[in-house]
Each structure stands twice: as structure tokens, then as C-alpha cells.
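A short worksheet on the structure shown next.
Please treat every number below as a calculation from the coordinates, not as lab data. Keep in mind the model is a prediction, meaning the values are calculated, not measured. We place every Cβ from the backbone using ideal geometry, glycine too, and count neighbours over all the protein chains shown.
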Amino acid sequence: MTLRVGVIGVGMIGRDHIRRLSAVLSGVEVVAVSDVDAERARTVAAGVPARVLATGEELIADPGVDAVVVCSWGETHERYVLAALAAGKPVFCEKPLAPTEGACRRILAAETAAGRRLVQVGFMRRYDPGYRALRAAVRGGSIGEPLLMHCAHRNAGVPAWYVGESMITDTAVHEIDMVRWMFGEEIAAATVLVPRRSRNGGGLRDPLVLLLETAGGILVDVEVSVNIRYGYDIRGEVVCEDGTASLGEPSPVRVRRAGLAGDPVPADWRERFARAYDVELQEWVDAVRGDGPLGPSVWDGYAAAVVADAGLAALRSGNRVPVSLIDRPALYAD
Ligand code: NAP
């Protein structure tokens, strides 16, 4: 049976997900949309075509909607995820699950009370072929135990709403989740180091380095540069006891011209992670239709929020900030 999905929030990523749910993936159709900008909702709905519902709550309650995709701003996620849980409907929620630890814990309480997993969080790096191959290489046993990881998260530029805290909560949060998934360990502490500022960074402390320590003692450095101009560049190298493993270049082509040879660099995250988003939502659709397990959980969203808070505290104080998580509920056992 085709999964009938309703999408809340039809901004940049909402529209991109509607396109892939409608035109790329199988077993799913978008039947309804909602957005605070009613005109935008009508325009997007006309192109699907789908029905427009006045509010996210109406969309969730609609009997023609089997499952919900939340793509509105982070501050609104809690109310829609809680409404979907109350309605007993599966929900794919774009990251962040919610912007505060308190909000994540309320969602955690609601889902554990329901006693079954209904929520998946949009941490798409877990679905990227490069990161999946890197994880397989690290876990394969041929290069020994992991000791260190070097990461870089570089954006050509950032939108007007982007502030200093966004470097942790919006940008490095992807590495925070990736590291937990890569090594199967919680993050135990965060430190932020700030070098001299880029002249491209406006008022931001750009770049910065986020240091993450896992519970098992792996040290991860994440360079966050968000006005690097040359493109969107994601790097990762894991240093193990007997060797290293790194992400390959994402470009399938090398261009030689004017005395130089080079790999084209993606313009932004939509280009770099296009395949990851496709796989992420296809696996979610298949899981909801009953063929497989759900992906990143409410626990993952909660843990990422707590580590991001520690990163923010480290950015403000210059200190190493320990991470303290509540006990992991049995519902989220590995
Ligand atoms: P966006 O372009 O601003 O789109 C958000 C949309 O939601 C806008 O149309 C906005 O309307 C609407 N909206 C705001 N409040 C709402 C509410 N209460 N109910 C329904 N709709 C509401 O933002 P975006 O870049 O698509 O980001 C949306 C979410 O996706 C964020 O949580 C972001 O962190 C996440 N995201 C994830 C990734 C990823 O790689 N996984 C990438 C990009 C974004 P107005 O414009 O009128 O406010």
C-alpha cells in the first residue's frame, strides 16, 4: 500500500523532500502540505498536486495522512512531533529534533510512554555512501582500534539569519551525530578553540574548532568554517592503530585546464548530500511500511542537543565542558 505523507513546512528543505518523495522514491505519495505561509503552501501544493491544510495540527489529524514529515523551523518541531505521537502516526522530523534539551526530553517522555518508536530524526549523514563506507572500514578490524578523527565542515557562505551559535547548533550538529554513530559511543565532553578570524566571517567567530571526546577516549576535531568561499567541503579522516580511513572526494570527475588538475567542489549541502537524502527517506518509507527498522531516534536527537549545548557552553566559556545524559531508555537500546 502506498504511504500517504503530509509535509509541514514547505521552505527550502520541505520543497526538496516533496520533490524526492513525489518523483524519486517509491511506495510513497505526498497528499497534503501545510505552512504558516498559506500562499507558499498553495503554490507548492499545486505543483504536486496535494491538498493544503491550514495548520500542522490539522494535517496530522487528517485521516488521509498516514505519516508526517516535519520541515518547519526547529522551534516548531516539538509541538508537531508531540501531536503526531498523540495521534499514533509515524513522523520524520528534520534536525534538530528540538532546539532545547527540555523539549527533547518531553518528546522522549511521550514516545517512551507510547512504548514504540514512531519518530525518526533527519540526520542524513548516516545514509551518505561515503560515510557508510568510512564506518565499514573503521569497524572492519583491518586497521585496528580508532584513536582520533579529523573533520572539516566548510560552507561557502551562510544565510542572513545565521548567528555565532549556529556554528554549533546548525552546522557542527551533523558531526556530533555522525561521531556518535561512527563509533557507537556517546560524547563525553566538548571544548571549542577559536583561532584568528577570517575576514570573510562578518561578526562571526569563523572558523572555530570543536573538540569532542567520546566516552571510550576517541578524540575528534571538527573544523567549522562557514564563509570559505570556494564551495561546500566535508572532510573526515579516522586515525586507527594500524592505518587510517578517509572520505573520498565526492566528485566523479577530475578536470584539467590551464595548467591545473582539480575536482569540482559541490556548491552546497543539497548537491553534496543529494544521494544521502534519497536513501534516508526511502529507508524511512520502507520502515514505516513495515519492511525495516527506523533510523536516527529521539534518543539520538536528545543526545545531539545535549552535546550541542555543551559545545555552546564551551564556546562561551573557553572551558572543557563535560556532557551529562540521562539513562538511556530500553526503547532505544542498540
Ligand atoms: P525554511 O526554508 O525557512 O523553511 C521553513 C518553512 O517552514 C517556511 O516556509 C516557514 O514559513 C515554515 N514555517 C515556519 N513556522 C511554521 C509553523 N509553525 N508551521 C508550519 N510551517 C512553518 O527552512 P529550511 O532551511 O527548509 O529548514 C527547515 C528545517 O530543516 C530546519 O529545522 C533545518 O534545521 C532543517 N534542515 C535540515 C537540513 C539537513 O541537512 N538535514 C538541511 C536544511 C535544513 P516562513 O518562512 O513564513 O517562516
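For the stretch 128-138, backbone phi angles converted through the Karplus equation (6.51, -1.76, 1.60; θ = phi - 60°) give residue-by-residue couplings of 6, x, x, 5, 5, 5, 4, 5, 5, 5, 5 Hz, Gly and Pro being listed as x. At q = 0.16, 0.17, 0.20 Å⁻¹, work out log10 I(q)/I(0) for the stretch 27-166 with the Debye formula, treating every Cα as an identical point scatterer and leaving solvent out; two decimals please. Log10 I(q)/I(0), no solvent term: -1.02, -1.08, -1.22. Here the spin labels are modelled as points 7 Å beyond Cα on the Cα-Cβ line, and at T2 and R270 they lie 2.5 nm apart.
Of all beta bridges DSSP finds with both residues in the stretch 128-236, what is the antiparallel percent, to the nearest 5? If we restrict to bridges inside the stretch 128-236, about 70 percent are antiparallel. Hydrodynamic analysis of the stretch 1-99 uses the Kirkwood radius over alpha carbon pairs. Inserted into Stokes-Einstein at 20 °C and 1.002 mPa s, it gives a translational diffusion coefficient of 165 µm²/s. Stretched out straight at 0.36 nm per residue, the stretch from A160 to R229 would grow longer than its current Cα-Cα span by 23.3 nm. For the chain, the mean residue ellipticity at 222 nm estimated from helices alone is -10500 deg cm²/dmol, where every DSSP H run of n ≥ 4 contributes -39500 (n - 2.57) and the total is divided by all residues, rounded to the nearest 500. Looking at the chain alone, DSSP beta bridges between its own residues are antiparallel in about 50 percent of cases.
For the stretch 51-77, the residues whose amide N sits under 16 Å from a probe point set 7 Å from the Cα of R42 along the beta carbon direction are 51-55.
Backbone N atoms of the stretch 120-148 closer than 16 Å to the 7 Å Cα→Cβ label point of E241 belong to residues 138-148. Taking trypsin sites (Lys or Arg not before Pro) across the stretch 156-199, the ones in a DSSP loop with at most 10 further Cβ atoms lying within 10 angstrom of their Cβ are R196, R199. Dimensions of the stretch 203-298 based on its C-alpha atoms, expressed as ranges along the principal axes with the largest first, amount to 54, 41, 35 Å.
Modelled spin labels at E145 and R256, positioned 7 Å past Cα toward Cβ, are 4.6 nm from each other. What separates the Cα centres of the stretch 303-319 and the stretch 234-250 is a distance of 25 Å.
The relative contact order of the chain, computed from alpha carbon pairs under 8 Å that lie at least 6 residues apart in sequence, is 19 percent. Within the chain, the longest run free of chymotrypsin sites (Phe, Trp or Tyr not before Pro) that sit in a DSSP loop with at most 10 other Cβ atoms within 10 Å is 1-160.
Given R0 = 35 Å, the distance between the Cβ atoms of Y332 and R199 translates into a calculated FRET efficiency of 0.20. The orientation-averaged projected area of the convex hull spanned by the Cα atoms of the chain comes to 18.5 nm².
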